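The values are calculated or read from the model by the stated rules, or taken from the named source; none is laboratory data. For clarity, every value in this text was computed on a predicted model and none was experimentally measured. A quick note on method: Cβ atoms are made from the backbone with ideal geometry, for glycine too, and the neighbour counts reach across all protein chains shown. For the accessible areas, the whole protein counts, side chains as well, though only heavy atoms, and no ligand, DNA or RNA atoms are used. Shrake-Rupley method; radii C 1.70, N 1.55, O 1.52, S 1.80 Å.
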Amino acid sequence: MNQENYVIFKGTKDGVTVLFQPDVPFEELCTQLEQKVEEAGKFFDNVKTSLAFKGRSFTEEEEEKLLQIIAERTTMRITFVKTENNELKQISELLEKDIRAFNLTKFHRGSLRNGQKIEFDGSVVVVGDVNPGAEIKATGNIIVLGQLKGMAHAGCKGMTDAFVTAVYMAPVQLRIADIITRFPEENKHGPKPPEYAFVKDGQIFVMALS
Amino acid sequence: MSEVIVITSGKGGVGKTTTSANLGCGLAIQGKKVALVDADIGLRNLDVVMGLENRIVYDLVDVVEGNCRLKQALIKDKRYEGLFLLPAAQTRDKDAVSPEQMQKLCENLKEEGFDYILIDCPAGIEQGFKNAIAGADRAVVVTTPEVSAVRDADRIIGLLEANGLNNPTLIVNRLRIDLVKRGEMMNIEDVTEILAVDILGVVPDDETIVIATNKGEPAVSNEESRAGQAYRNIVRRIMGEDVPLMTFEEEPETFMDKLKKLFRR
């Protein structure tokens, strides 16, 4: 292995980044990308991700060529591509949208039974119970004025500031942004105060509200 | 005033058919004119539980398709005056009937002068369920005190409400008093806390039910049977009487129980 690494794959929180050596002929990069993708093989199978090209700027044709190499050899589904030039713009667009969504709230009166689902671009307040088998998915916060025994997913588009709170919290599963936790069995029994779940250091914490 | 009541559960094997048969017989004993409709096309067994299997000539699908008149398909019960069974077809499947056709059928049964029309719903939430609830005025949900059955009952209640059948009532079937006392089975409060609907009745687990079902003679007529008593109470509640829930006092202690108690001290 005396060959130098011109192409480096890196996994980041919001997708896959490919780092390219700046001062190497484009053909060389292509052959190495082919090799790398081939080696990775099944690793990228059916993965849905965004892709970022870093390290040097490409012309549109070059970019197309690189994408083609990846598309031909894997079943990776690329949601969008970021390059050096327009990366910033996309990120700021995303942020603005999330903040807007946060301001809307859906109120649901009555219980959610098994098999029923609320999906909302904003926050959700349920005045009633959320039974096992029911689901709430919100881009914002989730508040349950009753027993939460189903599945709640707050900040489902990646907002880690989102929280879940319930008068009686005993969900099957709790999700905030891309963090998933199984709620501990021992916390599902007996009387207890209302609780509040939030993300800190990439983990979901549950705290009594007093 | 005739009323169409659908008996449903979501989960299979919780006792829909047994409940239908017992409530039908119970209402007939009270002098009501009752039609039992088996909506479980392709997997019929209400006729077997009623002991009327050998009398089937025409069935529900025949009526819907116009191969016979409604009166021809209704089988008169061998024991009780005023009790009739409309059996399901066994060689067809659920798609042989549409919800609109079931609605029409229920209307026709009402015109026949029945006081109560009980529909035995198949398990599941697909076509058969949709057919069974189409013509119903109210719903009775049967569950057992098991987590899986209660989950399915919850799902069913949600679907019933979505279809305009609000405030269904609940029968908790096959309650094991001994297990509940030991805290190893859900009790009535646990069930109602999740489902949040009114209780129509509680039926204890009873071997007389198994014996009666296999003989084709519903247990509701058996004076000795505790489950029979529970069904008789439910029948009176359906007719609008206010009957308190059965209390489940302890079975008499056996000598062995006393001995065990002695050693536990």
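Worth pointing out:
- Distance from region A:171-210 to region B:217-237 (C-alpha centre basis), Å: 47 Å
- Between 0 and 90°, nearest 10: helix B:147-162 axis offset from chain B longest Cα axis: 40 degrees
- Point-charge dipole on Cβ atoms (K/R +1, D/E -1) for the protein assembly as shown, about Cα centre, debye to 20: 1220 debye
- Comparing the full protein assembly with the isolated chain, the residues of region B:146-161 losing at least 40 square angstrom of accessible surface (1.4 Å probe) are B:R151, B:D154, B:R155.
- Protein accessible surface hidden between B and A, which excludes ligands and nucleic acids, total in Å², probe 1.4 Å: 900 Å²
- Evaluating 6.51 cos²θ - 1.76 cosθ + 1.60 at θ = phi - 60° for every residue in region B:27-32, the Karplus couplings come out as 5, 5, 4, 6, x, 8 Hz, glycine and proline recorded as x.
- Listed pairs A:K149/B:K94; B:K71/B:K130; A:K106/B:K11; B:K76/B:K104 exceeding 28 Å between Cα atoms: A:K149/B:K94; A:K106/B:K11
- 0 to 90° range, to nearest 10: angle between helix B:255-264 axis and chain B longest Cα axis: 50 degrees
- Low-density loop positions, GluC sites (Glu not before Pro), region B:22-103 - DSSP coil, at most 11 other Cβ in 10 Å: B:E81
- Excluding ligands, DNA and RNA, the accessible surface per residue across the protein assembly as shown is 53 Å² with a 1.4 Å probe.
- Cross-link reach list, aspartates and glutamates versus B:K215, counting only Cα pairs under 13 Å and skipping chain neighbours closer than eight places: B:D47, B:E53, B:E207
- Reach of B:K110 by Cα under 12 Å, taken over aspartates and glutamates that are not fewer than 8 positions away in the same chain: B:E3, B:D137
- Sites A:I8 and A:T181, calculated FRET efficiency, Cβ-Cβ separation with R0 35 Å, nearest 0.05: 0.60
- Value of [θ]222 nm, deg cm²/dmol, for the protein assembly as shown, DSSP H segments ≥ 4, -39500 (n - 2.57) each, nearest 500: -10000 deg cm²/dmol
- Protein heavy-atom surface of region B:63-125, 1.4 angstrom probe: 44% of the accessible area is carbon and sulfur, with nucleic acids and ligands not counted.
- For region A:7-82, a/c is not less than 1.5, where a ≥ b ≥ c are the root eigenvalues of the C-alpha gyration tensor, and a/b tops b/c. That puts it in the prolate class.
- Distant-in-sequence amide contacts of B:R176, defined by a placed amide H-H separation under 5 Å and a gap of 5 or more residues or a different chain, comprise B:D205.
- Qualifying trypsin sites (Lys or Arg not before Pro) for region B:166-211 [loop in DSSP, other Cβ within 10 Å: at most 10]: B:R182
- Centre-to-centre, using Cα atoms only, region B:52-117 and region A:133-168 are separated by 48 Å.
- Heavy-atom accessible area, 1.4 Å probe, ligands and nucleic acids excluded: residues of region A:104-151 down by at least 50 Å² from chain alone: A:R113, A:N114, A:P132
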